[in-house]
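Novice: Encoded as structure tokens, here's the structure I'll be asking about.
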Amino acid sequence: MRVHRRDFLKMSAAAAATMRTGSIFSQTPRSPITNHWGSANTTVLDPPEICVFRSGPGTSYNHHHQVLFDRGRIYVSWSNGFRNEDNPGQHMVLSVSDDEGRTWTAPTTVTPPLPEKTSTYTAMGIREHKGQLIAYYGHYGYTPLSLDENGLPRVGSDPLYHDYSDDPTQWVHQNTFTDLRVSKDRGETWGAPSRIIDRFVPNLKPAPTHSGRLIMPGNITFPYTDDKAGLHGWKTVGIPRLPTWTVDDPEGFGKACFSRHDPRLYCEADFFQTDDNKIHMMLRTLPLPGQKHEGLLAVTESMDDGRSWSEPVLTSYTDCSCRFQFGRLPDGRFFGLSCPNPKGGRTPLVLALSKDGVVFDRHFILGEQPSTKPRLPGGSKGGAYGYPTCDISNGKMYIVYSRTKEDIYFMKLDLSSLS
């Protein structure tokens, strides 16, 4: 999501002064999960990349992409905005390929009309169930006073450096929820929107645990349902000690971490499950005001199929502060798809593999282009391989990422090359 180190440095001095960075939680032992960045066995693959969508004026922000392979067709969905990240008017779009990603259709809109001019939609992926496509997306609106005469968020109204009030009526965001829409004709048309979770914007689409339970990773909350379709029955749980007013969206997660007196902020989660049935929910971390970014992921874990979670602790898995994806290959190895160089500008793109879900020390470099400046004006843009996500099917890994949050790219990896 929309989180940047420079934003937190702008948080109010009064708020920062109340943070107890010396809390007992900062002294918790580190998780053994590691990727041995810089010393792992590394192979450069660098598969060819294909541009799914190239932005232009009026469509210059493109991000939050995810990919699905289903019955010979590849679907890529993402958030499309006029210019700046998460400004009013942003919506979810979809492009498809019927030739293994060589060519792509022009994007079509998935989300319904925005309920108000101050609203934004955030694309959070499409999954398939019994021949139907299910699209997930988050929504929130901006309070009128946080917008300027052009309907754009004012400088200084960004929720990441707004005063950390625990009263949601005083926040920049309002009316936060997650919706879904179902398509019975492979994305040609979409049914009526259905609200499934209040006070929540997901990070990734739902994924199953060993039991078949679906978990939808957020920032600090991880709703679950035993409905295999993922349409109903969502229950919200998360890391311990969350205040009752928690809203897990790009504004609320920071306020909740602040209320918990965390030594850092946690967000943008994804999970994998090991053979002991433990679920490891990996967390992106962000620094508090005046602190340097630690360049490491954190983890919270569940031993009861996602009904409760442990206190987050740091791992030794390096990270450049970017969304990532974890999972398992068909051969049983665990994978982490991310940009693990802490100083890399979201490059290189690396697939790290592990036999035990603890030590991810077999690395494949999938791309190492340098970061470049955006081609078009806009706020919060950058990164060579932004927010990499994937789907695995048909003996292949299908991968999407954004370049400078403007253009959407795709690459295909044959799993037989991962020896």
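Novice: Could you pull out the residue among W171, W190 that is over 17 Å from the mean Cα position of the chain (by Cα), open to solvent by 30 Å² or more (accessible area, probe 1.4 Å) and either at pLDDT below 95 or of a type outside the set (D, E, K, R) (or both)?
Specialist: Numbers: W171 fails: open to solvent by 30 Å² or more (accessible area, probe 1.4 Å).
W190 is the lone residue from the list that is over 17 Å from the mean Cα position of the chain (by Cα), open to solvent by 30 Å² or more (accessible area, probe 1.4 Å) and either at pLDDT below 95 or of a type outside the set (D, E, K, R) (or both).
Novice: Being modelled with pLDDT of 95 or more, of a type in the set (S, T, N, Q) and out of contact with any Gly (no Cβ under 8 Å at 6 or more places or on another chain) is the requirement here; does S259 meet it?
Specialist: So S259 fails the test.
Novice: When the range 59-79 is examined, which residues are found to be more than 18 Å from the chain's Cα centre (by Cα) and either aliphatic (A, V, I, L, M) or in a loop (DSSP other than H, G, I, E, B) (or both)? Break it down into steps so the answer makes sense when it comes.
Specialist: Filtering the range 59-79 for residues more than 18 Å from the chain's Cα centre (by Cα) gives 59-60, 69-74.
Across the range 59-79, the qualifying residues are T59, S60, R71, G72, I74.
Novice: Condition test on T236, is it among the β-branched types (V, I, T) and surrounded by 20 or more Cβ atoms within 10 Å (Cβ to Cβ)? Break it down stepwise before answering.
Specialist: Numbers: among the β-branched types (V, I, T): yes; surrounded by 20 or more Cβ atoms within 10 Å (Cβ to Cβ): no.
Criteria not met by T236.
Per-residue answers, yes or no, for (1) among the aromatic types (F, W, Y); (2) touching a Ser or Thr at 6+ places or on another chain (Cβ under 8 Å); (3) touching a residue at least 60 places away in the same chain (Cβ under 8 Å); (4) in a loop (DSSP other than H, G, I, E, B):
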| site | (1), (2), (3), (4) |
| --- | --- |
| T43 | no, no, yes, no |
| P57 | no, no, yes, yes |
| E85 | no, yes, yes, yes |
| M92 | no, yes, no, no |
| T103 | no, yes, no, yes |
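Novice: Taking the range 284-300 only, how many residues are surrounded by 23 or more Cβ atoms within 10 Å (Cβ to Cβ) and either in contact with a Pro (Cβ under 6 Å, 6 or more places away or on another chain) or acidic (D, E) (or both)?
Specialist: So the count comes out to 2.
Novice: Determine which member of the set G218, G212 is under 20 Å from the mean Cα position of the chain (by Cα), part of a loop (DSSP other than H, G, I, E, B), modelled with pLDDT of 95 or more and under 28 Å from V400 (Cα atoms).
Specialist: Numbers: G212 fails: under 20 Å from the mean Cα position of the chain (by Cα).
Going through G218, G212 in turn, just one is under 20 Å from the mean Cα position of the chain (by Cα), part of a loop (DSSP other than H, G, I, E, B), modelled with pLDDT of 95 or more and under 28 Å from V400 (Cα atoms): G218.
Novice: Same structure again: One residue is enough: does the range 358-380 have a residue meeting the conditions open to solvent by less than 10 Å² (accessible area, probe 1.4 Å), hydroxyl-bearing (S, T, Y) and in contact with a Lys or Arg (Cβ under 8 Å, 6 or more places away or on another chain)?
Specialist: Within the range 358-380, none of the residues are open to solvent by less than 10 Å² (accessible area, probe 1.4 Å), hydroxyl-bearing (S, T, Y) and in contact with a Lys or Arg (Cβ under 8 Å, 6 or more places away or on another chain).
Novice: Restricting the range 396-419 to residues that are touching a strand residue (DSSP E or B) at 6+ places or on another chain (Cβ under 7 Å) and surrounded by fewer than 21 Cβ atoms within 10 Å (Cβ to Cβ), which is nearest to V52 (Cα to Cα)?
Specialist: Just the residues of the range 396-419 that are touching a strand residue (DSSP E or B) at 6+ places or on another chain (Cβ under 7 Å), to begin with: 396-403, 405-415, 418.
Subset that is surrounded by fewer than 21 Cβ atoms within 10 Å (Cβ to Cβ): 396, 407, 412-415, 418.
Values: K396: 18, D407: 8, K412: 13, L413: 16, D414: 19, L415: 22, L418: 25 Å.
Filtering the range 396-419 for residues that are touching a strand residue (DSSP E or B) at 6+ places or on another chain (Cβ under 7 Å) and surrounded by fewer than 21 Cβ atoms within 10 Å (Cβ to Cβ), the one nearest to V52 (Cα to Cα) comes out as D407.
Novice: Sticking with this structure for a sec: Check I197, I215, I220 and return the single one that is touching a helix residue (DSSP H, G or I) at 6+ places or on another chain (Cβ under 8 Å), hydrophobic (A, V, I, L, M, F, W, C) and open to solvent by less than 30 Å² (accessible area, probe 1.4 Å). Give the steps one after another, and end with the answer.
Specialist: Numbers: I197 fails: touching a helix residue (DSSP H, G or I) at 6+ places or on another chain (Cβ under 8 Å); I215 fails: touching a helix residue (DSSP H, G or I) at 6+ places or on another chain (Cβ under 8 Å).
On inspection, the qualifying residue turns out to be I220.
Novice: Are any of the residues in the range 330-343 in contact (Cβ under 8 Å) with a residue 24 or more places away in the chain, open to solvent by less than 20 Å² (accessible area, probe 1.4 Å) and more than 29 Å from H210 (Cβ to Cβ)?
Specialist: no
The values are calculated or read from the model by the stated rules, or taken from the named source; none is laboratory data. The shown structure was predicted, so the numbers you read here are calculated from the model rather than taken from an experiment. Quick reminder, even Gly has a Cβ in these numbers, built from the backbone with ideal geometry, and neighbours come from all protein chains shown. Heavy atoms of the whole protein, side chains included, go into the accessibility calculation; ligands, DNA and RNA do not. Shrake-Rupley method; radii C 1.70, N 1.55, O 1.52, S 1.80 Å.
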